[in-house]
1. Given (1) open to solvent by 20 Å² or more (accessible area, probe 1.4 Å); (2) touching a helix residue (DSSP H, G or I) at 6+ places or on another chain (Cβ under 9 Å); (3) more than 24 Å from K146 (Cα to Cα); (4) of a type in the set (A, V, I, L, M, F, W, C), identify the lone condition not met by V71.
2. Return yes or no: is S85 closer than 18 Å to N14 by Cβ, at pLDDT 95 or above and of a type outside the set (D, E)?
3. Find all pairs meeting these conditions: Cβ atoms under 7 angstrom apart; at least six residues apart or on different chains; first residue within the range 196-218 and under 11 Å from A169 (Cα atoms); second residue open to solvent by 80 Å² or more (accessible area, probe 1.4 Å) and not in a loop (DSSP other than H, G, I, E, B).
4. Would you check which residues across the range 81-99 are open to solvent by 20 Å² or more (accessible area, probe 1.4 Å) and assigned to a helix (DSSP H, G or I) and list them?
5. Taking the criterion of being out of contact with any Leu (no Cβ under 8 Å at 6 or more places or on another chain) and surrounded by 24 or more Cβ atoms within 10 Å (Cβ to Cβ), would at least one residue in the range 105-128 satisfy it?
6. For the range 100-140, which positions are touching a Ser or Thr at 6+ places or on another chain (Cβ under 6 Å) and in a helix (DSSP H, G or I)?
7. Go through the residues of the range 30-40 one by one and say whether even a single one is open to solvent by less than 70 Å² (accessible area, probe 1.4 Å) and in a loop (DSSP other than H, G, I, E, B).
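The values are calculated or read from the model by the stated rules, or taken from the named source; none is laboratory data. The shown structure was predicted, so the numbers you read here are calculated from the model rather than taken from an experiment. Cβ coordinates were reconstructed from backbone atoms using ideal geometry, including for glycine residues, and neighbour counts include every protein chain displayed. Remember, those area values only see protein heavy atoms, side chains included, never the ligands or the DNA or RNA. Shrake-Rupley method; radii C 1.70, N 1.55, O 1.52, S 1.80 Å.
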Amino acid sequence: MEIKGAVALVTGANRGLGRQFAAALVERGAAKVYAAARNPESVDLPGVIPLQLDVTDPASIRAAAAIAGDVTLLVNNAGSSTGASALGGSLEDIRLEMDTHYFGTLAVTREFAPILEGNGGGAVLNVLSVLSWFTSPQVAAYSAAKSAAWSLTNALRLELAPQKTNVTALHVGYMDTDMAKHVDGPKVDPAFAAGLGIDAVEEGRFEVLVDDLSRTVRAGLAGDLTGLYPSLSA
């Protein structure tokens, strides 16, 4: 789809990658960009329309859809990162990860799918992660939720194809955002990741792997598990 003249909605647009998505869409000539956040007062980006949206709250999603009925591009970016492990983490934190990344993405897409269809089809971009394919105890809840969102993205792609809505998945490793501030080592510029994601939408691609880490782990899925988890062979 063509970004110039499109009407986009970005969830979690008040900071990090979401803010970069909103900024890039404005720069590339989108006719309108709804910058959605739980607290719309926290959106400080010029040229966007702040919109209240909590992806874990069905009433909030319905209210946002009632306002943004002209959307042609939906960017499901909102996320959480509790650091909960599978066995030691609280079930509340684990549920929050699933409610945000899986059920939140599903609920927002279900609400906006008829809007996209009515506006000609358009596109959906789901922000996933290298942790859709790899996990560790420190990110077990987050990784499980992202893995579920990856499977969901594939299912949505098939279900939305008849209405001419393309679904793109963006996978990326660590980015230079608040969510990864505790991580040492190379981090991707979120503006770079946003640019690649928008390019993929324009080109109608199904998937974009932003960095070498994502490409390496994706390729490793075809091998023995000990390739991704060397400790298992110790």
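1. The failed condition is (1).
2. Details: closer than 18 Å to N14 by Cβ: no; at pLDDT 95 or above: yes; of a type outside the set (D, E): yes.
So S85 does not fit the description; no.
3. As it stands, the answer is L209/R215; L209/R218, since those pairs meet every condition given.
4. L91, E92, D93, I94, R95, L96, M98, D99
5. no
6. T100, G104, L116, V130, L131, S132, P137, A140
7. yes
Residue by residue, here is whether (1) open to solvent by less than 80 Å² (accessible area, probe 1.4 Å); (2) among the hydroxyl-bearing types (S, T, Y); (3) at negative phi holds:
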residue	(1), (2), (3)
G195	yes, no, yes
E203	no, no, yes
R215	no, no, yes
T226	yes, yes, yes
S231	no, yes, yes
